[in-house]
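Visitor: Before we start, here is the structure in question, set down as structure tokens.
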Amino acid sequence: MIDLYYAPTPNGHKITLFLEETGIDYQLIRVNISKGDQFRPDFLAISPNNKIPAIVDHHPADGGGPLSLFESGEILLYLAEKSGQLLSGELRERHTTLQWLFWQVGGLGPMLGQNHHFNHFAPQPVPYAIERYQVETQRLYNVLNKRLGHSPWLGGEHYSIADMACWPWVHSAQRQRIDLNNYPAVNNWYQRILHRPATEKALQLAQPV
């Protein structure tokens, strides 16, 4: 059993995409970040950086006690290795998948997150920051579009944790002032993932309860 500490954000969606796709048994524990649940001592014991997602695996492969993990990229990698799914065992595809996973964690997520902040949450407009992160967002979408113009999935021939890491951020393209019609390979990839049954189930979890 996996306990998933979750909020309906792009990083939260990454893990529900994986768990719904693989059918791993899990319990969803909602973290209300608008009310400050992420600062509660019991949550900080699991995720000391006070961010979601985080997991607790009650049955890790080493047979020891429960294992808690934070950081969405690490959680995806851990779950892929635990389940033997969505990460190729073939050397080239495996490492291509991992490089795109790390590209998302180190670039796509942080830059698009800043785009969201300065376009929607900053207390006052900061034109330089808005322009800076808009230009970088467009650059990253071009990188993604070029890759997906040559490969059906980010890691190669198979849907993987790299796609799951990137897709939730692209799902928020309108909030980034991005028109996916300008990135046809990204749009094709986005639509294919959107209509997977597991994606539909994962997005249903984001609805208010």
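The values are calculated or read from the model by the stated rules, or taken from the named source; none is laboratory data. Quantities reported herein were computed from a predicted structural model and do not represent experimental measurements. Here Cβ is always computed from backbone atoms with ideal geometry, including for glycine, and neighbour counts include all displayed protein chains.
Visitor: Anything in segment 86-122 that is touching a residue at least 40 places away in the same chain (Cβ under 8 Å) and not in a helix (DSSP H, G or I)? List them, or say none.
Guide: Hits for segment 86-122 are L86, L87, S88.
Visitor: Which residues, counting only those in segment 186-207, are surrounded by fewer than 17 Cβ atoms within 10 Å (Cβ to Cβ) and farther than 26 Å from F118 by Cβ?
Guide: N188, Q191, R192, L194, H195, R196, P197, E200, K201, Q204, Q207
Visitor: Out of the residues in segment 36-73 that are acidic (D, E) and surrounded by fewer than 13 Cβ atoms within 10 Å (Cβ to Cβ), state the one that is nearest to the chain's Cα centre (by Cα).
Guide: Among those residues, the one meeting the criterion is D42.
Visitor: Determine which member of the set A162, A185 is closer than 13 Å to N145 by Cα and in contact with a Gly (Cβ under 8 Å, 6 or more places away or on another chain).
Guide: A185
Visitor: Further, regarding this structure: Residues in segment 162-178: is at least one acidic (D, E) and surrounded by fewer than 15 Cβ atoms within 10 Å (Cβ to Cβ)?
Guide: Among the residues of segment 162-178, not one is acidic (D, E) and surrounded by fewer than 15 Cβ atoms within 10 Å (Cβ to Cβ), which makes the answer no.
Visitor: Name the residue, out of L87, L112, L77, L98, that is at pLDDT 95 or above, touching a Phe, Trp or Tyr at 6+ places or on another chain (Cβ under 6 Å) and surrounded by 16 or more Cβ atoms within 10 Å (Cβ to Cβ). Walk me through how you get there before you give the answer.
Guide: Details: L87 fails: touching a Phe, Trp or Tyr at 6+ places or on another chain (Cβ under 6 Å); L77 fails: touching a Phe, Trp or Tyr at 6+ places or on another chain (Cβ under 6 Å); L98 fails: touching a Phe, Trp or Tyr at 6+ places or on another chain (Cβ under 6 Å).
The unique qualifying residue is L112.
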